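The structure under discussion appears below in the form of structure tokens.
The values are calculated or read from the model by the stated rules, or taken from the named source; none is laboratory data. Here the structure is a predicted model, which means the values were calculated and not measured. Cβ placement follows ideal geometry from the backbone for every residue including glycine, while neighbour counts extend to all protein chains displayed. Keep in mind that these areas ignore ligands, DNA and RNA; they rest on the heavy atoms of the full protein, side chains included. Shrake-Rupley method; radii C 1.70, N 1.55, O 1.52, S 1.80 Å.
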Amino acid sequence: MLKGKVAVVTGGTRGIGYAIVKKFLDNGAAVVLCGSRKETVDKALEKLKAENSGYEVSGVWPDLGNYAEVEECINQIKEKLGKIDILVNNAGISAMGSIYDYKEKDFKKIMELNVEAVFNCSKAAAVHMREQKSGVILNTSSMVSLYGQASGCGYPASKFAVNGLTKSLARELGKDGIRVNAVAPGVTRTDMVDAVPDAVLKPLIESIPLKKVGEPEDVANAFLFLASDMAAYVSGEILSVDGAAMS
Ligand code: NAD
């Protein structure tokens, strides 16, 4: 579904991002995965190459909160691979806790990665996509971007902003042939969820209409659809993949 396409995936070293990288590679794309450190990027590349030595995959680790660094990195990818067809802004962090104890610096940290990095990467990639007259920008939102949550207000706030960027950029960039969409995962089986004690997880699963947590591959499938030409007339959409928990 993505034969001949070049994709950049942030937060591609583990969890949902890793599943997206693998799904894109299995569908014929060349992928540049982006992580926070060289060590974690190398580890992910090693794992992918062990699965399939033919994968066309490489890695980068710019500071996503720094526009100049992001721009240089995106420009180098374009120079090396000739184009950028797909950008997935997936890197993200969260933190729970009451507003009474919430530190200003923690709120800023979440905003820097979950929102500013989406702006930085989208701006740097859109320049090339406009020249190509085509491109796809996809963002990882969250089910908490629809109704918020009762703890850790910074995270849902950041994902509401991701939805805002998605809708706004879809309207602004459509004329340049660029589609912009987001996927809003529900509770998804990543390291974070695996660490949740059964006593907490069980009632959570009971509250989900499909009675199970999502797998990273469930989310990656939605990204594949939105990245592909099958979604050629889909833009500005926030696609929930949450077992009907919030959708
Ligand atoms: P994860 O912690 O397993 O992976 C996060 C990824 O982001 C890693 O690849 C990490 O290297 C990267 N990252 C973290 N800080 C970074 C930084 N400063 N610079 C560059 N990269 C950085 O998380 P995940 O659960 O796979 O989450 C991926 C995305 O999905 C996030 O945007 C998250 O908000 C969203 N999400 C996750 C769930 C869930 O249940 N797991 C639900 C809804 C939304």
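Of VAL32, VAL6, all but one fail to be within 15 Å of the ligand (Cβ to nearest atom) and either under 26 Å from SER134 (Cβ atoms) or open to solvent by less than 20 Å² (accessible area, probe 1.4 Å) (or both); the exception is VAL32. Listed by position, the strands (runs of 3 or more DSSP E) contained in segment 130-247 that have at least 3 residues being not hydrophobic (A, V, I, L, M, F, W, C) are 135-140, 178-185. Just so you know, in segment 45-103 the residues that are of a type in the set (Lys, Arg) and either in contact with a strand residue (DSSP E or B) (Cβ under 7 Å, 6 or more places away or on another chain) or assigned to a loop (DSSP other than H, G, I, E, B) (or both) include one that is farthest from the ligand (Cβ to nearest atom), and it is LYS83. Here segment 219-247 is the region considered, the condition is being farther than 21 Å from THR166 by Cα and free of Cβ contacts under 8 Å to residues at least 60 places away in the same chain, and the residue that is surrounded by the fewest Cβ atoms within 10 Å (Cβ to Cβ) is ALA244. Scanning segment 19-73 for residues that are among the hydroxyl-bearing types (Ser, Thr, Tyr) and within 16 Å of the chain's Cα centre (by Cα) yields a single hit, SER36.
In the condition set (1) free of Cβ contacts under 8 Å to residues at least 12 places away in the same chain; (2) basic (Lys, Arg); (3) closer than 19 Å to VAL21 by Cβ, LYS175 is compliant with all but (3). Go through segment 162-172 and give me each residue that's of a type in the set (Ser, Thr, Tyr), surrounded by fewer than 19 Cβ atoms within 10 Å (Cβ to Cβ) and within 23 Å of ASN221 (Cβ to Cβ). None; the set is empty. Pairs meeting the criteria (first residue in segment 54-71 and of a type in the set (Asp, Glu), second residue near the ligand (Cβ under 10 Å from one of its atoms), beta carbons under 8 Å, at least 6 apart or on different chains) are GLU69/PRO62; GLU69/ASP63. Checking each residue in segment 133-161 for being surrounded by fewer than 22 Cβ atoms within 10 Å (Cβ to Cβ), modelled with pLDDT of 95 or more and within 23 Å of ALA227 (Cβ to Cβ) picks out LYS133, SER134, ALA161. Set side by side, the residues ILE93, ILE20 differ, and just one is crowded, with 23+ Cβ neighbours inside 10 Å, hydrophobic (A, V, I, L, M, F, W, C) and within 18 Å of ASN139 (Cα to Cα), which is ILE20. Looking at SER158, SER168, which is the one that is of a type in the set (Ser, Thr, Tyr) and either touching a His at 6+ places or on another chain (Cβ under 7 Å) or touching a residue at least 40 places away in the same chain (Cβ under 8 Å) (or both)? Step by step, each of SER158, SER168 is checked, and only SER158 is of a type in the set (Ser, Thr, Tyr) and either touching a His at 6+ places or on another chain (Cβ under 7 Å) or touching a residue at least 40 places away in the same chain (Cβ under 8 Å) (or both).
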